[in-house]
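Q: Here it is: the structure, laid out below.
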Amino acid sequence: MRFGARIGLSIFLTAAGCAQAQILPVSEEPRWLTFRLNQAATGVYAEGYEETARFGNSGTVRQTRWFVGPLVGLDFSGSVYHPNLFTYQVAVDGSMGWSKQEFTGPNPHTENQFGYLGSFLGNAQLFDHKALNGNLFTSYAHTYQDYDFFNRVYLDTTRYGGGLRYVEGPWVASASVWREIQDATGYGTPTKTDRTVATLDANNNRATGSSGLNYTFSRYTIDNFGTVGYGEDHTVGLVDSENFGEHQQYHSLVNLSYNHLANFTEPSDFYNAAVNLYADHSDTLKSRLALNYQRNSFDGDNTDNFYGNAAVQHRLYNSLVSELGIQGYRTTSSAGLNGQEVLQAGGGPGFTYTKQLDGTGTLTIYETMLLLHTDVHSTGGILPANDEPHTFGTSANGAPPNSIFLNQPNVIVSTIVVTDTSHQPPQGFVLGIDYIVIPNGQLTIIQRRTGSTMPTSVLVSYSFDASPSGAYDTINNACGIRVDLFKNLWSVYGRFNTVHNYGSEFLLVQNLDDFVGGTELSWHYLRAGVEYEVYESNLSPFRATRLFQSFTFQPDEYSTLSFNLNETFARYEMPSRTQDFYSFITRYNRSLTRHVGLTLEAGVTQTSGEDVDQTLAVIRPTVQYTSGKFTASMGYDFGYDEYLNTEKRVRNMGYLRLRREF
């Protein structure tokens, strides 16, 4: 299900649930209008925001915003004519007041306007007790989103829409239409998104499984750093799950989907078909089969992938699980007269062994071996890699922290486009602001900058110089051992991954020996560890040392304090360069009196190395006062970001909120 469909469905269900909670007994006599005041409050809210940004020799850009106004809080609900016909709920908590914004830089201007900051939620439910029912909703929120500790973006989000739902026995059908307008400010973003989404869903739920058919249409306009992108997104999906067999021991999951994305930079069609089968033959014997086909057509370039694997798993003892598997894939890429086909097949055994040591320790050993044969048929030339999925933070293929290795060697850097899994933003995230590219031998590293708005899961499209034709055999072995001693007080571990190719003299393939060894200590409020990695590769060798220390404790019964430190030292050989990373984050909470509480967050991180120098700092103190029905809060947010001595950003944001309930 696409992101827009998931949000639309969640809004629909939330609205339906809130309205249903207000339903009165069916026997109630009709009344044209009922009204119930659940809560009322008043107060004042003030906010100030300032951000300055300097980019090289282009001068300084400055944005300031001031807002002040009376605060009103209302929560009321009721019905029209009869609760079975129409119920409603409205919750308001915010301020109406004057705001002033000033912009200095290439296009200086000033804006004065009367506006609203806070939150608003309105829900209405129609014919709630009927098979066909519907809902209407509208909402507004002035809040923030943390992409990571050092990157906070302030959001003004408006949503409105409605939906219909029909229930008949095992069948559930629904439709919804909603629009979202979102303005984001912070660290020079500013980004405005206008999205309209329509969804159609039909589901059948049975005792032995379920089936679902869905369609989502999304039309969007995104103004990102002054660059406007727009497009339309169509997605059709079919999913079916079944449990069958005499004892329901067999399970199947089928997923079919088609996506068409149309915009001026990324017209594409994506087809996906996946089948998964699972069998529980006994308490100790299980098996699985997975088949997946994907086709991606991107501006005339095509990529087809077919992948399959099967495995049998046996548990001889509670401590020993063994597995025997086979796998294979076929992938083809074409761009004009250039093309490449890669076929691979193979398999091998594996096991996991876990043993308790005298009741105070645990020994874990694992081993997986694969024997693979690969055939490459290539005309050479420049070929596309479309929507290659990656996840930051997994250290896949030995990637450094907060980085990913692209799958193909000899990448043409200027063709790289990175988006989220919904293909947003249309032009891709911004090189140098959201991420940097680090060539490392024949492979390419994408490193997410600290403070970037890029999500953890991304899609990367690019072009690469294809290898010639040939065939080779591969031995891939992964093994590891971990010993936890003294009730997990001290742990020692090591893992080793080797990939050796034979017969690949004329092909560009990676041979590697990757060793990681480390130790951890956990004692009361202290946790610390060190890890060392040797990544010997013919394409991208490096060495890295990683350390971490964390302390979480209570200085007294009224407070908590934590420190988190991380250090990484990486040394690359092709070309020779170093990259060091330091991070320090602390959090402190304290009850100063029975009515007053203090929260403090602060941190600093620094990355140093060729083309990656960056320093970020954050300080966020908050003071809260509560006495009976009166609450007061005051907060401050300071952010600092300096990158390569060519980019410097400073953010100051503060607010004061006074509120009294009646």
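Q: What relative contact order, as a whole-number percentage, does the chain give when Cα pairs under 8 Å and 6 or more residues apart are counted?
A: 9 percent
Q: So, for segment 280-397, what is the accessible surface per residue at a probe of 1.4 Å, expressed in square angstrom?
A: 55 Å²
Q: If you build the convex hull over the alpha carbons only and average its shadow over all orientations, what do you get for segment 199-318? Give it in nm² to one decimal.
A: It is 11.2 nm².
Q: Quick one: with all protein chains in place, what share of the accessible area of segment 112-151 is carbon or sulfur, to the nearest percent (1.4 Å probe)?
A: Carbon plus sulfur share of accessible area: 61 percent.
Q: For segment 521-662, what does the accessible surface come to per residue with a 1.4 Å probe? Please give it in Å².
A: 52 Å²
Q: How big is segment 421-504 by Rg and Dmax over its Cα atoms, in Å?
A: Answer for segment 421-504, Rg first and Dmax second: 19.8, 55 Å.
Q: Provide the gained length on full extension for the span Phe584 to Ala345, in nm with one decimal, where the gain is 0.36 nm per separating residue minus the Cα-Cα distance.
A: Gain on stretching Phe584 to Ala345: 81.4 nm.
Q: So, one more: Roughly how many percent of the accessible protein surface of segment 468-627 is carbon and sulfur, given a 1.4 Å probe and a whole-percent answer?
A: The C+S portion of the solvent-accessible surface of segment 468-627 is 60 percent.
Q: Another question about this same structure. Computed over the Cα atoms of segment 554-662, what is the convex hull's projected area averaged over all directions, in nm²?
A: If you wrap the Cα atoms of segment 554-662 in a convex hull and average its projections, you get 9.3 nm².
Q: Next question. Reachable lysines from Lys192, Cα under 27 Å, same-chain residues fewer than 8 places away excluded?
A: Lys100, Lys648
Q: Hey, could you grab the Kirkwood Rh for the chain? Inverse mean 1/r over distinct alpha carbon pairs, Å, one decimal.
A: 29.2 Å
Q: Kindly give the semi-axes, whole Å and largest first, of the ellipsoid equivalent to segment 274-392, taking each as the square root of 5 times a Cα gyration tensor eigenvalue.
A: Gyration-tensor ellipsoid for segment 274-392: 39, 16, 14 Å.
Q: In whole Å and largest first, what semi-axes does the C-alpha gyration tensor of segment 74-124 yield when each eigenvalue is scaled by 5 and square-rooted?
A: Here the semi-axes work out to 40, 10, 7 Å.
Q: Sticking with this structure for a sec: Pulled fully out, how much extra length does the chain show between Thr362 and His281, if you take 0.36 nm times their separation in residues and subtract their Cα-Cα distance?
A: 26.2 nm
Q: Evaluate the distance, in nm, between pseudo-label points positioned 7 Å from the Cα of Asn205 and of His524 along their respective Cα→Cβ axes.
A: 5.0 nm
Q: Quick check: residue separation of Val167 and Phe638 times 0.36 nm, minus the Cα distance between them. What number comes out in nm?
A: Working it through step by step, the gained length comes to 164.4 nm.
Q: Arrange the peptides 107-116, 613-622 so that the one whose residues have, on average, the most other Cβ atoms within 10 Å appears first.
A: Answer by packing, highest mean first, reads 613-622, 107-116.
Q: Determine Rg/Rh for segment 49-141; Rg is computed over alpha-carbon atoms and Rh is the Kirkwood hydrodynamic estimate from the same atoms.
A: Ratio of gyration radius to Kirkwood radius for segment 49-141: 1.27.
Q: If each of Asn255 and Thr42 carries a label point 7 Å out from its Cα toward its Cβ, how far apart are those two points in nm?
A: Label at Asn255, label at Thr42, 5.4 nm between them.
Q: Another question, then. Please report how far the C-alpha centroid of segment 68-113 lies from that of segment 311-341, rounded to the nearest whole angstrom.
A: Centre-to-centre (Cα) distance: 54 Å.
Q: If you roll a 1.4 Å probe over segment 227-290 with all protein chains in place, what percent of the accessible area is carbon or sulfur?
A: Answer for segment 227-290 is 62 percent, counting heavy atoms of protein chains only.
Q: Ignoring everything except DSSP H segments at least 4 long, calculate the 222 nm mean residue ellipticity for the chain; use -39,500 (n - 2.57) per segment, divide by total residues, nearest 500.
A: So the calculated ellipticity at 222 nm is -1000 deg cm²/dmol.
Q: If you don't mind, another one. Kindly write out, for segment 358-369 in residue order, the coupling ³J(HN,Hα) from the Karplus curve 6.51 cos²θ - 1.76 cosθ + 1.60 (θ = phi - 60°), rounded to whole Hz, with x marking Gly and Pro.
A: So the Karplus estimates, Gly and Pro as x, are 6, x, 10, x, 9, 10, 10, 10, 9, 8, 9, 10 Hz.
Q: Whole-Hz ³J(HN,Hα) for each residue in segment 149-158, computed from phi via Karplus 6.51 cos²θ - 1.76 cosθ + 1.60 with θ = phi - 60°, x for glycine and proline: what do you get?
A: Per-residue couplings from phi come out as 4, 9, 10, 10, 10, 8, 10, 10, 10, 10 Hz.
Q: With θ set to phi - 60° and the Karplus curve 6.51 cos²θ - 1.76 cosθ + 1.60, what are the ³J(HN,Hα) couplings of segment 340-348 in order, to the nearest whole Hz, using x for Gly and Pro?
A: Values per residue, Gly and Pro as x: 8, 10, 10, 10, 9, 8, x, x, x Hz.
Q: Provide Rg and Dmax in Å for segment 335-454, with only Cα atoms included in the calculation.
A: Taking only Cα atoms of segment 335-454, I get Rg and Dmax of 19.5, 65 Å.
Q: On to the next question. Compute the long axis of helix 3-20 from its Cα atoms, compare it with the longest principal axis of the Cα atoms of the chain, and write down the angle in degrees, 0 to 90, nearest 10.
A: In the chain, helix 3-20 runs at an angle near 40 degrees to the longest axis.
The values are calculated or read from the model by the stated rules, or taken from the named source; none is laboratory data. Note that the structure is a prediction, hence the values are computed from the model and not measured. In this analysis, Cβ positions are derived from the backbone assuming ideal geometry, glycine residues included, and neighbour counts consider all displayed protein chains. Ligands, DNA and RNA are stripped out before the accessible areas are found, and what is left, the full protein with its side chains, is counted by its heavy atoms. Shrake-Rupley method; radii C 1.70, N 1.55, O 1.52, S 1.80 Å.
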